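Chemist: Once you've had a glance at the structure underneath, I'll fire off some questions.
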Amino acid sequence: MRLNRSGWNRTLTVLLTVFGAGIARGQDRRINGERLDPSAYGPGVVESMDDALARQAEMGEQIQADGRKPEHGTWVIPSIRATYFPHSGQHYVMNKWGDTRMGIRFPGTVTLHGAYFAGQASEGVWAKGVRVVGYRGAEIVQTTEWFTDIGREPKFFEMNLPAVDRVVIESKATIGRAGWYAMDDLAYTPVSGAGRPGDRVVIDFEDGNYDLDLTDTTFRGLTWERGAGEFYNADAMPGPETPDEIRRAQEAANQAGSGPEEQSAVGGGGTTPELLLNFDAVRRGQGSSSSFPPDTDGAIGPNHYVETVNRVFAVYNKSTGAQVQLINLGSFLPGSSGDPRVLFDQHSGRWVVVVSDFSSRIYLAVSSTNDPTGSWFKTNFIVAQGSDAGKWPDYETLGVDARGIYTATFMVGGSNRMTIFAIDKAPLVAPVQSLGTITAFRELVWEGAIQPAHTYGDPGAQYFVSRATSSALRVRRVDPPLTAPTLTDQGFCIIPIHSSPPDAPAMGTTTPLDSVGDRLMMSMFRNGSIWTTHCVGVSGRGAARWYEIDAATNALLQSGTVNHASLHYIFPSIAVNNGGGVVLSFSGSNASTFPSAYYTGRVQSDPVGEMAPVQLLVAGTASQTLIDSFGRNRFGDYSYTNVDPANDQGIWTIQEYGRTTNNWGTWVGSFQIGDCNGNGISDQCDVDCGTPGGICDVAGCGQSEDCNGNIEPDDCETDCNNNDTQDDCDVDGGGSLDCNANGVPDECEPDCNGSGAPDDCDVASASSPDCNGNNIPDECDVNGQGSEDCQLNGVPDECDVESGSEDCIGPPTNCYTAHASPGCDNLLIENCVCAVDPGCCSGNYDSSCVFLANTFCQPCAPGGVPDGIPDECQQPCTIPAECDDGNACTVETCGGGGVCVFTGLTYDGDTECCDPATGNTQLLEDGDPCTHGTCNLQTGTVTQTAFPDGPRPGCGAEDPCSLAACQSAVCVTTPKIYGDVNNDGSVDIFDILCVLDGFAGVFTGCSMNDVDIVPCEAPDGTIDVFDILGVLDAFAGSSGCCP
């Protein structure tokens, strides 16, 4: 039985469902990977942005050499993705950069019969015609007529040039004084010195490789000369590559027609995101760079938006969109070239940038803080090694999780395989930054792009997704530790069938925009799901397809295709926030529309698979004709959309558009979308109906409060003390104290010692000791909150050891002997050894590890073993007297195991303080409600420390007529003017506004206790109309409550 295309895809879907990943390379197995030798790492340096800007000033005009220098064309066998119309086999030769005069010299006199000619790339750049000028010596002997039958089908150009030894192929220019063509099966017959013809020779180029430059070589015995005519001059970056067998399969599938699944597209029923701040960003020509395409990428951080494009690094103010920094990428990260990627790692609070050099290395930069205008750690590593030796990295991707940074790249050349690199993040974000373990997983099947997820939360592994076939995506994961990670192929997610998109026509150009195919553009992980997107073909147009995949089962949870009756949508990117709000953004064009940027979205309660009607982000205003050396009109190669780490709600995107003629621009947009309370109304509409007739003018709009103006209903935000006021409004309005300025009311934070202040404030104010620096007061630390106190002296054991207690009576350990397994069984020694040599914890624990244990990690005399416990708690004994430590406040005895055991205290540690020299005790508290006592366990003295100023239990009785509070450790009661709810000494209009705000649930200038004044004797705990009347009466001069 012969299957048609739709039958084959149905069969493939069944096979993938039944057999899973076993179809591809016998996968669904764990791979250990190859650990890169640190000798392959480049130097690692930390430098400020000022250092990089100074370097840019010193380099001056040199940085303009980031693209192609002006030079004539060359003869080249095109790269895989730039191969279009061969006559025989897979290869042909073309005139790179469309040079209009290309010469070939023969080894002797020949009769040139002809060759097959076709167009190169898209029709808009095809040469209008070619002719051949024949030379013998330096003399022109004959010139052919113009051959104009140049198209998709190679046609034979019969030249019939006898007795020539050199020819020049001239072409008629089409665009930018250049015209492209493909030449195959060049046929000639050598002529001997006696004038006798030899055997006919046909050069079919099949013994050459993809992307082989023939210029100045003697390929097949001919001398291939550099061009000498007009040519197209532009700073084009290398386009993403595609192996020949994949490209041909895609072409065959597309020619077979679209199946019914891809013709249909569900959409229109979703919720439209609200567009907030949006602004013009980097454009071609800035930063001394005219490269194209931009490879559009950017990310949002706590205070900035960062953009990386070919070849510019820019920083913007997050609140205003104002540009605060712009630098050439070569100055920011010297040695790098293109395909830049950037993201903000919300796990570590750092920025991450990767860039390829298109040769052998990937360059990496990690910021030292969350400020991208500050210092960065910069390094690089060789990827072209092992089975990837001699290849170069193309279209590298970027993802991050709690433990690692991940990039995957197509290693161009040879077997055309892909490689994943997993980078241990811990050393890169440590106080002293360095490049740690990098593990390579090589020889992975080519699938366009392997996209590591930008991971939110911690699923325990890092997920990757790629397009496997027209009806399946592949899911992989990397499992920790990142010092020795493993890669597992989880198998396939079955998806609706699709075809590869065509190039996109655009207004003002005869050459359509290069869509780069159906590779995945990006991915992210949140709440058990992988989200990803790519461009597909629908009815002969490009469309944006998106997916939500169950990461645990590979099941497709939902998907959708966003298309248009005439527009082509290309280069989509997607993000989902913590409330399930989604934004999908992309570029679009057609023959009557300049390249523009668009967006759509949905919320969790929307119908499955549906997005909102597409909205315009920015309209293109000019045509784009930016032709690369292979004749392609380059656009893209990707875009990026991500979530604001400040609130995990806002979503930002960056897209390319046509700004001015042949000058691309990028545009940044920020959105708010979500339905956090599940009431069927998007959050932005829930808090504000907006303008009449606008997107939020819907039934039920404006029903939720938003006290802090962050476009998130208050009932979705944290109210830790359950007073119906969102926490940061509680703090800003004065209703709650916030001693550590973290936006959380003090009463909601841990207060282990009952001091009335959060533990970290106790430590910061020195009212409680914190010997081990863990932000837990020592008196709580030893009371079940993290540390042991074997001596019962109120001091954590690790502090006892650091302050002088011996620690050498630990159990026997294998840390001092070599063994085949990683690490050793004493955590203290192991941590010390592996800090010096991480390989001791990921590979064999060999003699070098033993040397470190004995030399650098041994605080004891030979035979002693540290274990973090003071020796006095492990002291051997035979009678109780041998265990007396001289502390009159503790009780010791000789335990049944023959070691000293501390059995208790002679006093109540919760209420008393004991002098270890005498055993005398005194109470911790002196009865003052405005102070609390702490005990110095070494001296037995009590120190009284003031509570933070404010109301305290036991300090007076607060009522509408009096105000009682601690002030500088003294309880002070002052008369209060009835109705003066904002405590400014008078009853005025501001008090009326305060009580009205309180009635509406907003506490900005007054707390709830201030506003609740009725009834006089005992306020009822609610803000109601009687409280409003009470303030109005007081404003009118009537106060029935207070004398």
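Values quoted throughout were computed directly from the atomic coordinates according to the rules given, and no laboratory measurement underlies them. A quick note: this is a predicted structure, and the numbers were derived from the prediction, not measured. Cβ sites come from the backbone with ideal geometry, for glycine too, and all protein chains shown count toward neighbours.
Chemist: Could you give the dipole magnitude of the range 75-233 about its Cα centre, charging the beta-carbon of Lys and Arg +1 and that of Asp and Glu -1, in debye to the nearest 20?
Modeler: Using Cβ point charges on Lys, Arg, Asp and Glu, the range 75-233 gives about 300 debye.
Chemist: I would also like to ask the following. Please state the equivalent ellipsoid semi-axes for the range 424-531: what are the square roots of 5 times the Cα gyration tensor eigenvalues, largest first, in whole Å?
Modeler: Output for the range 424-531: semi-axes of 32, 19, 13 Å.
Chemist: Report the Cys residues of the chain lacking a disulfide-compatible partner, meaning no second Cys Cβ under 4.7 Å from their Cβ.
Modeler: If one checks each Cβ against the other cysteines of the chain, Cys493, Cys535 turn up with nothing under 4.7 Å.
Chemist: Suppose every K and R has +1 on its Cβ and every D and E has -1 on its Cβ; what is the size of the dipole of the chain about the Cα centre, in Debye to the nearest 20?
Modeler: In total the dipole reaches around 9840 debye.
Chemist: Along the charge dipole of the range 336-419, which of Trp351, Thr419, Thr373 sits closest to the positive end, that is, farthest toward it, with unit charges on the beta carbon of Lys, Arg, Asp and Glu (+1, +1, -1, -1)?
Modeler: Working it through, the farthest residue towards the positive pole turns out to be Thr419.
Chemist: Please report the equivalent ellipsoid semi-axes of the range 315-413, computed as sqrt(5 x eigenvalue) of the Cα gyration tensor, largest first, in whole Å.
Modeler: Output for the range 315-413: semi-axes of 26, 15, 11 Å.
Chemist: To continue, here is another question. Expressed in nm², what is the orientationally averaged projection area of the convex hull enclosing the Cα positions of the range 949-1035?
Modeler: Its Cα hull, projected and averaged over all orientations, spans 5.4 nm².
Chemist: Then there is this: Identify, among Val1011, Leu1029, Gln967, the residue whose Cα sits farthest towards the positive end of the charge dipole of the range 949-1035, taking +1 on the Cβ of Lys and Arg and -1 on the Cβ of Asp and Glu, with the dipole about the Cα centre.
Modeler: Working it through, the farthest residue towards the positive pole turns out to be Gln967.
Chemist: Okay, next question. Using Cα-only point scatterers and the Debye equation, what is log10 of I(q)/I(0) for the range 588-685 at each q in 0.14, 0.24 Å⁻¹, rounded to two decimals?
Modeler: Listed by q, the Debye log ratios stand at -0.65, -1.26.
Chemist: Quick check for me: using +1 on Lys/Arg Cβ and -1 on Asp/Glu Cβ, what's the dipole size of the range 949-1035 about its Cα centre, in debye to the nearest 20?
Modeler: 280
Chemist: Under a no-solvent Debye model with one identical scatterer per Cα of the range 75-233, what's log10 I(q)/I(0) at q = 0.10, 0.13 Å⁻¹?
Modeler: Rounded to two decimals, the profile gives -0.32, -0.54.
Chemist: Give the distance, in whole Å, between the Cα centre of the range 377-393 and the Cα centre of the range 693-722.
Modeler: The two parts, judged by their Cα centres, are 50 Å apart.
Chemist: Determine one quarter of the surface area of the Cα convex hull of the range 768-830, which equals its mean projected area, and express it in nm² to one decimal.
Modeler: Value for the range 768-830: 5.5 nm².
Chemist: Another one. Kindly express, to the nearest 10 degrees and within the range 0 to 90, the angle between helix 49-59's C-alpha long axis and the longest C-alpha principal axis of the chain.
Modeler: Rounded to the nearest ten degrees, it is 30.
Chemist: If you take the charge dipole of the chain about its Cα centre, with +1 on Lys and Arg Cβ and -1 on Asp and Glu Cβ, which of His498, Tyr907, Tyr547 is farthest toward its positive end?
Modeler: Of the candidates, His498 comes out farthest on the positive side.
Chemist: For the range 778-913, report the convex hull volume of the alpha-carbon atoms normalised per residue, in Å³, without decimals.
Modeler: Taking the convex hull of the Cα positions in the range 778-913, it is 131 Å³ per residue.
Chemist: Provide the packing ranking of 645-653, 132-140, i.e. peptides ordered by the mean count of other C-beta atoms within 10 Å per residue, highest first.
Modeler: The most tightly packed comes first, giving 645-653, 132-140.
Chemist: Could you rank the peptides 875-885, 667-677, 817-827 by their average count of other C-beta atoms within 10 Å per residue, with the highest value first?
Modeler: Top to bottom by mean Cβ count within 10 Å: 667-677, 817-827, 875-885.
Chemist: Please state the equivalent ellipsoid semi-axes for the chain: what are the square roots of 5 times the Cα gyration tensor eigenvalues, largest first, in whole Å?
Modeler: 67, 39, 24
Chemist: Still on this structure, please answer the following. Which of the peptides 582-595, 215-228 is most tightly packed, and how do the rest follow, going by the mean number of other Cβ atoms within 10 Å of each residue?
Modeler: Ranked by mean Cβ neighbours within 10 Å, highest first: 582-595, 215-228.
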